[in-house]
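Structure first, then comments.
The values are calculated or read from the model by the stated rules, or taken from the named source; none is laboratory data. Values in this document were obtained by computation on a predicted structure and should not be read as measured data. Virtual Cβ from ideal backbone geometry, glycine too; neighbours counted across all protein chains shown. Only protein heavy atoms, including side chains, enter the accessible area calculation; ligands, DNA and RNA are left aside. Shrake-Rupley method; radii C 1.70, N 1.55, O 1.52, S 1.80 Å.
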Amino acid sequence: MRYDLDDLRLFTHVAAEGSITGGARLMHLSLPSASARVRALEAQAGVPLLVRERRGVRLTPAGATLARHAREVLAETTRLDSAVASYAVSRSAPIRLVAGGSAMHQLVPAALATFLRDHPEYDVNVSERRTIRSVRLLAAGEADLGVILDDEPTQLRTEPLADDSLVVIGQAGGTLSGRPSIAYAEVAEHPLVGLVPNSPLSQWMDDRLGPHAPAPRYRTVVPTLHALITLATAGAGLAIVPRRAVDASTAVEICPLQDSWSTRQHLLCYAANAPEPAHLLATHLHAVATG
């Protein structure tokens, strides 16, 4: 037997409303038209589907079975339509997001996860850039949205996003235990683990420490904050990282730096002609930052 989807949809409404009148109203059909469709469905099935009473209708066992399967068929049809339609949608250009290494560690991935799930019609191109480079790309219209640090002047629209202050971390119960704060000059006296020299955080720190800062001894350098935090937690050496990058459940000593340059903020920065999807992505970044 072949079933018309509109007839199945009408029948599920009749079953839910307990009346052909209610089903007709939901389908925007006249009562005579809806009644004719139900009778044709019963004729096709070869068995009564409804028990007609003065105040409505009740499902027969065959009608209950048809209604249950009809709901499943209609739900599957909706999923099919959505899946096929996703290929037919005229997609807009991908959102171009630029962010530094600190934001790329947790903030950006978490926001992307919810944004891409909630907005399958949009794609995002992500690039890791230092703040100075991100601002230039945004000003030139070569990026739409950026997560930048608050120490780079710009005429573009910005808004506060999250604290990104730096701290020193080390093995639980180790050198930092009980310390309320520590100066970088003292940190440099201890064996350290760090990020590779070309990482945005390493370059940012080098710019602020200057040529006369104490030369630290790095036992090793790694390319990611995740690897750096893992090594420091294991006792390989102290490390300087953004406080937000350290998960609250990590068993590690965390000590604020006394140096003024260690206090910094993440800002959202918009290109002058940022498209509406970039603003949608910004709401997801805010939600992660405040969550």
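A few remarks follow.
- Among the residues of the stretch 188-208, those that are aliphatic (A, V, I, L, M) and either touching a Pro at 6+ places or on another chain (Cβ under 6 Å) or open to solvent by 40 Å² or more (accessible area, probe 1.4 Å) (or both) comprise Ala188, Leu192, Val196.
- Enumeration of residues in the stretch 219-241 that are surrounded by fewer than 20 Cβ atoms within 10 Å (Cβ to Cβ) and in contact with a helix residue (DSSP H, G or I) (Cβ under 6 Å, 6 or more places away or on another chain): Val222
- Hits in the stretch 1-32 - residues which are touching a helix residue (DSSP H, G or I) at 6+ places or on another chain (Cβ under 7 Å) and of a type in the set (Ser, Thr, Tyr): Thr12, Thr21, Ser30
- The stretch 9-26, residues that are touching a residue at least 40 places away in the same chain (Cβ under 8 Å), in a helix (DSSP H, G or I) and open to solvent by 20 Å² or more (accessible area, probe 1.4 Å): Arg9, Ala15
- Scanning the stretch 135-144 for residues that are open to solvent by 60 Å² or more (accessible area, probe 1.4 Å) and closer than 18 Å to Met104 by Cα returns no hits.
- Boolean, Ser177 is in contact with a helix residue (DSSP H, G or I) (Cβ under 7 Å, 6 or more places away or on another chain) and among the polar types (S, T, N, Q): no
- When the stretch 206-241 is limited to residues that are assigned to a loop (DSSP other than H, G, I, E, B) and in contact (Cβ under 8 Å) with a residue 40 or more places away in the chain, the one that is nearest to Val187 (Cα to Cα) turns out to be Gly237.
- Residue list for the stretch 145-176, filter: farther than 12 Å from Gly100 by Cβ, part of a loop (DSSP other than H, G, I, E, B) and open to solvent by less than 10 Å² (accessible area, probe 1.4 Å): Leu176
- Selection status of Val57, open to solvent by less than 30 Å² (accessible area, probe 1.4 Å), more than 30 Å from Leu149 (Cβ to Cβ) and not in a helix (DSSP H, G or I): yes
Yes/no matrix, rows are residues, columns are (1) free of Cβ contacts under 8 Å to residues at least 24 places away in the same chain; (2) out of contact with any strand residue (DSSP E or B) (no Cβ under 7 Å at 6 or more places or on another chain); (3) aliphatic (A, V, I, L, M); (4) surrounded by fewer than 20 Cβ atoms within 10 Å (Cβ to Cβ):
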| position | (1), (2), (3), (4) |
| --- | --- |
| Arg243 | no, no, no, yes |
| Val246 | no, no, yes, no |
| Ser249 | yes, yes, no, yes |
| Glu253 | no, no, no, no |
| Asp259 | no, yes, no, yes |
| Gln265 | no, no, no, yes |
| Cys269 | no, no, no, no |
| Asn273 | no, yes, no, yes |
| Leu280 | no, yes, yes, yes |
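- Of all the numbered requirements in (1) among the aliphatic types (A, V, I, L, M); (2) in contact with a strand residue (DSSP E or B) (Cβ under 8 Å, 6 or more places away or on another chain); (3) crowded, with 16+ Cβ neighbours inside 10 Å; (4) part of a helix (DSSP H, G or I), Ala111 misses one, and that requirement is (2).
- Thr131 being surrounded by fewer than 20 Cβ atoms within 10 Å (Cβ to Cβ) and polar (S, T, N, Q): no
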